[in-house]
Amino acid sequence: MNTENTHSSHHRLKKGAPVYDAKAIFESTPAPYLILTPEFIITAVNDAYLHATATKREEILGRGIFEVFPDNPHDPKATGVKNLSMSLKKVLATKKPDRMATQKYDIPVAGQPESFEVRYWSPLNVPVFDEARSKILYLIHHVEDITEKVLSKKHTDAIEAEIEERKAIETALSEAVRDREMFFSIASHELKNPLSVMNLQVQKQLRSLERSNVEKISIEEIKQTMEGIQKQTRKLVSLVDEMLDISRITSGKLELNLKDVNLCDLIVEVVNRLIPQFEEAKVSPPSIELCQESKLLLDPIRIEQVLTNLLTNALRYGEGKPIIIRLDSLESELRLSIKDHGMGIVKDMQDKIFNRFERATETSKGKGLGLGLYISKEIIKAHGGQIWVESEPGKGSTFYVSFS
């Protein structure tokens, strides 16, 4: 760095002004500075920069900055050279200072050229013009070593992330415990009901046997008792199946046995199987308004489970009114809809009913574990599909299942 021109310049500006040693002043400035030529050759360096980079003046003057400070060869993600080069070229092109973003630019360890020390910098590159301010003579490269600040923040961030992770785990565990307690409470109640009914029916039959001769007990009476027990047994099996499904879903073990399935045929099959249930409730069986035949790769048993759940819900909440099924083949999806004209579902509950232990209503009609729609959602999701409901209180509900 030529200090003579600086001296003579000040003499010309003010005769008799005290002479100062620009070189000594520059080298003693407290912030780290490096002076580069437009070719990025180091032409001057102050003591603060030498201290920050653990280098010696005589070893770096006259050398290219990227020769003295190459990228860390042990860091394949190192971009220090590229980023600094782009910034210096930008200053030359725009003739304006450029403040760089925080840079990770490791430096060689003194006396160990193959070893590098992790460093983070906040760099500023500034042009130095000639007197006419038309030509850039030098580039001032100023850096602030912010390694301690960055590493401290990273450590703090890591601690905060760990705390947040622990909080999330604690919340998840708390929710799991709450769900488990709720599950056991509901399950014990729901399992007890059919067992109590069966017990009453058996007691009634035993009392009849005690009061009468076996010959006097009619076949019809025995049949009614056995049918009642069979009905309650089916409820028990259904409840146990739901409990097993929840266990599989929670543990991520809900497996699908995929086959080529004609969904229209499966819908007809499920509707026919449920006709006795509708007849018993004195409700007309669902009508299939449209069923466009389409083959899909599905687990027929699981999809049958979803259809059964949606149709029995429509029977339970449809208030005896018509239930309509459609299977539409749209441009990018196959969409099933099951529409009832019953009590409907309020807006706030339309998403919640697909959660565990949620019911659309707390009326006597809404018995069960509150798991059917949650299990249906997980089954459809496992098939890559979607399930949702559109409803208006007093006007009924339409459940949709979409396969892409």
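Taken together, the values in this text are just the output of simple stated rules run on the coordinates, not laboratory data. What you see is a predicted model, and the numbers here were worked out from it, not measured in a lab. Every residue, glycine as well, gets a Cβ built from its backbone with ideal geometry; the counts of neighbours run over all protein chains shown.
The phi torsions of region 50-63, fed into the Karplus equation with coefficients 6.51, -1.76 and 1.60 and a -60° offset, translate into couplings of 4, 5, 5, 9, 6, 10, 10, 4, 5, 8, 10, 4, x, 10 Hz, rounded to whole numbers, with Gly and Pro shown as x.
Estimated at 0.36 nm per residue, the fully extended path between Lys96 and Val126 surpasses their Cα-Cα distance by 10.1 nm. Annotation for region 85-184: GluC sites (Glu not before Pro) lying in DSSP loop with at most 11 further Cβ atoms inside 10 Å of their Cβ are Glu131. For an R0 of 41 angstrom, estimate the FRET efficiency from the Cβ-Cβ distance between Val109 and Glu162 and round to the nearest 0.05. Computed FRET efficiency for Val109 and Glu162 comes out at 0.85.
For Gln224 and Lys154, a Förster radius of 51 Å and the Cβ-Cβ distance give a FRET efficiency of 0.10, rounded to the nearest 0.05. The gain in end-to-end length when the Asp351 to Ile288 segment is fully stretched comes to 20.1 nm, 0.36 nm per residue minus the alpha carbon separation.
Modelled this way, with points 7 Å down the Cα-to-C-beta line, the labels at Val19 and Val202 are 11.8 nm from one another.
With R₀ set to 22 Å, the beta-carbon distance separating Asn262 from Glu319 gives a calculated FRET efficiency near 0.10.
Backbone geometry of region 83-97 corresponds, through the Karplus equation with coefficients 6.51, -1.76 and 1.60 at θ = phi - 60°, to 3J(HN,Hα) couplings of 5, 5, 4, 4, 5, 5, 5, 5, 5, 4, 6, 8, 6, 10, x Hz, x marking Gly and Pro. Each residue in His142, His155 was given a count of other beta-carbon atoms within 10 angstrom of its own, and listing them fewest first yields His155, His142. Full extension of the chain between Glu39 and Leu297 gives 86.3 nm of extra length, using 0.36 nm per residue less the Cα-Cα distance.
Counting every other Cβ atom within 10 Å of each residue's Cβ, Lys282, Lys321 order from fewest to most as Lys282, Lys321.
The loop-placed trypsin sites (Lys or Arg not before Pro) in region 80-109, going by DSSP, that have at most 16 neighbouring Cβ atoms within 10 Å of their Cβ come out as Lys95. For region 296-336, applying the loop criterion from DSSP together with a ceiling of 10 other beta carbons within 10 Å to the GluC sites (Glu not before Pro) yields Glu331.
Taking label points 7 Å from Cα along the Cα-to-Cβ direction, Leu236 and Lys395 give a separation of 4.5 nm. As a proxy for reagent exposure, Ile136, Ile267, Ile303 were ordered by neighbouring Cβ count within 10 angstrom, fewest first; the result is Ile136, Ile267, Ile303. Checking the cross-link pairs Lys231/Lys395; Lys253/Lys377; Lys23/Lys56; Lys82/Lys104; Lys347/Lys395 against a 23 Å limit on the alpha carbon distance flags Lys231/Lys395 as lying beyond it.
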